[in-house]
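> I have a structure I would like to understand better, so I am pasting it below and will then ask my questions one at a time.
The values are calculated or read from the model by the stated rules, or taken from the named source; none is laboratory data. Bear in mind the structure is a predicted one, so any value in this text is a computation, not a measurement. For neighbour counting, all protein chains shown are included, and Cβ atoms are generated from backbone atoms with ideal geometry for every residue, glycine included.
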There are 2 protein chains.
Amino acid sequence: MKRSRIEAAWRGQPECQGCSIRDLALFADLQQADFNLIHLPIDEFEVEAGSVLYNGGDEARALLTLRSGLVKLVQYLSDGSQRIVRLQRPGDTLGLEATVGDQYEHTAVALRRVLLCRIPVEVIHRLSQETPRLHRQLMMRWHNNVRQADTWLTALSTGSAKARVARFLLDIPKEAGADGVPVCELLSREDIGAMLGVTTETASRMIADLKRSGVITERKLNTFVCNEDALRVLAGE
Amino acid sequence: MKRSRIEAAWRGQPECQGCSIRDLALFADLQQADFNLIHLPIDEFEVEAGSVLYNGGDEARALLTLRSGLVKLVQYLSDGSQRIVRLQRPGDTLGLEATVGDQYEHTAVALRRVLLCRIPVEVIHRLSQETPRLHRQLMMRWHNNVRQADTWLTALSTGSAKARVARFLLDIPKEAGADGVPVCELLSREDIGAMLGVTTETASRMIADLKRSGVITERKLNTFVCNEDALRVLAGE
DNA sequence: CGCCGAATTGATACTCATCAATCTTCGTGG
DNA sequence: CCACGAAGATTGATGAGTATCAATTCGGCG
């Protein structure tokens, strides 16, 4: 597997209180007085697609808040193959395990250009002692992780390859295209396979079939419009 | 699917402070003063194998601490099939989602006779406001759920059916048999299939093969001694 | 003893992995 | 500007692994 260097561009200390995704982020509930408790720098970084944010087993000293982009969390099997266990989107917090353990449990890789904030664990511990408002957010984030994990197990690792691909296409984030129609940029076929527990070739075949049958339509290279009703039928609803 | 009535035997209010699994349980870190904050009854129940502890969608008013036995958490797919997403063992806390949401997200079914304590969410909320000691336990429990979910995805939903069964056998709880050799009582073939994402017949065939090849040896009906080294080879290590 | 549900086994069809070849896209250097 | 090379995507051919449907056996219980 290719492993890119981290090409992080440091962008200085962001303004948490005025953060554009403040209401999505971990600090959503904090109040003025709480921010005064943060005595360590919270840095903002931007990295290119393909960069590794951290590796499984690395010492976990910080949480990362994803401000924009898309990140995959990868876990390796003993036989060397890999499985993608979660996708993280803007507003998600990466590396929650840093608050209860001392090393990261996955390898986090940027799938697009990514902007994120680095929050040292000391900040979290300090705030945890002082304010219950952070707890609720932490618990909600744990909860979301468990829910996504359970959904992946039932929706993306169960049933035929075609049904999994259909559920995957229904699940991934869409953006409004030029004409307002929602479109989605797909991942590489290899990543799709690693998410669904099928081979790269099978993932490719399923998507090619969907293209030919008109269920999805390619607008740009690897960017598609989805017929969601047809996908729901294929997904087995 | 068969769905048994709840046959719960109420056993009165347990003594949390003297609980036999106190150091395993959610209240492990609480101190004398903290217990005085619990003003609602914490009941202890015992139910038979097959009982449904709660259904997905039920209003979530309590957490359950499992004191003995084994419980499966089931999630249903839109096509009516089911998938077991987690097993809960003594010391585990069921229904953590009650602290952040208002309904249960799985159906919890006892796989053996089960003894458990029911902790109303109000108790959790009260304690959360008063003591940080509960937070750490809650976070650790969320963390464990996420880890188990990730492990299931990579270990039990990836690779050939035989490798999955082998990993499953390595993972399930063992007890010391009469001669001190660890033995495990298996689940029904249907449940094993629902855990591994294969059919009942495939699960049965794989286990029958392992029996014939001597990798596992039946001591009692459906209770086995495992050759762990051989299983590790089959698991692909 | 006879019944019932679960487990096992068999036969067959289908899905998916595997190995290999071709095609597409994009970047690089002549 | 085009040729060429590299990486990813697609397609094809084939065999292994599973699902499916059906029959049979096993163990427990009335």
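> Taking the condition of being surrounded by fewer than 18 Cβ atoms within 10 Å (Cβ to Cβ) and more than 11 Å from DNA strand D (Cβ to nearest atom), how many residues in segment B:187-201 meet it? Break it down into steps so the answer makes sense when it comes.
Initial filter on segment B:187-201 (surrounded by fewer than 18 Cβ atoms within 10 Å (Cβ to Cβ)): B:188, B:190, B:199-201.
Subsequent filtering for residues that are more than 11 Å from DNA strand D (Cβ to nearest atom) retains B:188, B:190.
Matching residues across segment B:187-201 total 2.
> Considering only segment B:163-186, I want to know if a residue exists there that is farther than 23 Å from B:Val109 by Cα and in contact (Cβ under 8 Å) with a residue 60 or more places away in the chain.
yes
> Another one. So, in segment A:121-142, of the ones that are among the basic types (Lys, Arg) and more than 10 Å from chain B (Cβ to nearest Cβ), which residue ends up surrounded by the fewest Cβ atoms within 10 Å (Cβ to Cβ)?
Initial filter on segment A:121-142 (among the basic types (Lys, Arg)): A:126, A:133, A:136, A:141.
Filter once more, so that each one left must be more than 10 Å from chain B (Cβ to nearest Cβ): A:126, A:133.
Details: A:Arg126: 17, A:Arg133: 14.
Among them, the one singled out is A:Arg133.
> When A:Arg133 is evaluated against the numbered criteria (1) touching a residue at least 24 places away in the same chain (Cβ under 8 Å); (2) closer than 24 Å to A:Val198 by Cβ, which criterion, by number, is the only one it fails?
Tallying (1) touching a residue at least 24 places away in the same chain (Cβ under 8 Å); (2) closer than 24 Å to A:Val198 by Cβ, A:Arg133 fails exactly one: (2).
> For residues that are in a strand (DSSP E or B), touching a Leu at 6+ places or on another chain (Cβ under 9 Å) and among the hydroxyl-bearing types (Ser, Thr, Tyr), tally how many sit in segment B:75-105.
Pass one, segment B:75-105, residues in a strand (DSSP E or B): B:75-76, B:82-88, B:93-94, B:103.
Subset that is touching a Leu at 6+ places or on another chain (Cβ under 9 Å): B:75, B:83-88, B:93-94.
Next, from what is left, pick out any that are among the hydroxyl-bearing types (Ser, Thr, Tyr): B:93.
Total satisfying the criteria: 1.
> Would you mention how many residues in segment B:186-227 are away from every other protein chain (no Cβ under 14 Å) and more than 11 Å from DNA strand C (Cβ to nearest atom)?
10
> Among the residues that make up segment A:183-190, is at least one of them among the polar types (S, T, N, Q) and either over 21 Å from the mean Cα position of the chain (by Cα) or farther than 30 Å from B:Ala163 by Cα (or both)? Write out each step before concluding.
The initial filter retains those residues of segment A:183-190 that are among the polar types (S, T, N, Q), namely A:188.
Now restrict to residues that are either over 21 Å from the mean Cα position of the chain (by Cα) or farther than 30 Å from B:Ala163 by Cα (or both): none.
For segment A:183-190, residues among the polar types (S, T, N, Q) and either over 21 Å from the mean Cα position of the chain (by Cα) or farther than 30 Å from B:Ala163 by Cα (or both): absent.
> Of the residues that make up segment A:152-170, is at least one polar (S, T, N, Q) and away from DNA strand C (no atom under 15 Å from the Cβ)?
First pass over segment A:152-170, keeping only residues polar (S, T, N, Q): A:154, A:157-158, A:160.
Imposing the further condition that a residue be away from DNA strand C (no atom under 15 Å from the Cβ) reduces the set to A:154.
Checking segment A:152-170: at least one residue is polar (S, T, N, Q) and away from DNA strand C (no atom under 15 Å from the Cβ).
> Next question. Could you say which residue among A:Gln82, A:Gln88, A:Gln75, A:Gln148 is outside the structural domain of A:Met206 (by TED's automatic domain parsing) and more than 16 Å from B:Thr151 (Cβ to Cβ)?
Details: A:Gln82 fails: more than 16 Å from B:Thr151 (Cβ to Cβ); A:Gln75 fails: more than 16 Å from B:Thr151 (Cβ to Cβ); A:Gln148 fails: more than 16 Å from B:Thr151 (Cβ to Cβ).
One residue alone meets the criteria, A:Gln88.
> Of all residues in segment A:84-120, how many are in contact with a strand residue (DSSP E or B) (Cβ under 6 Å, 6 or more places away or on another chain), of a type outside the set (S, T, N, Q), within 14 Å of chain B (Cβ to nearest Cβ) and more than 11 Å from A:Leu73 (Cα to Cα)?
Result for segment A:84-120: 2.
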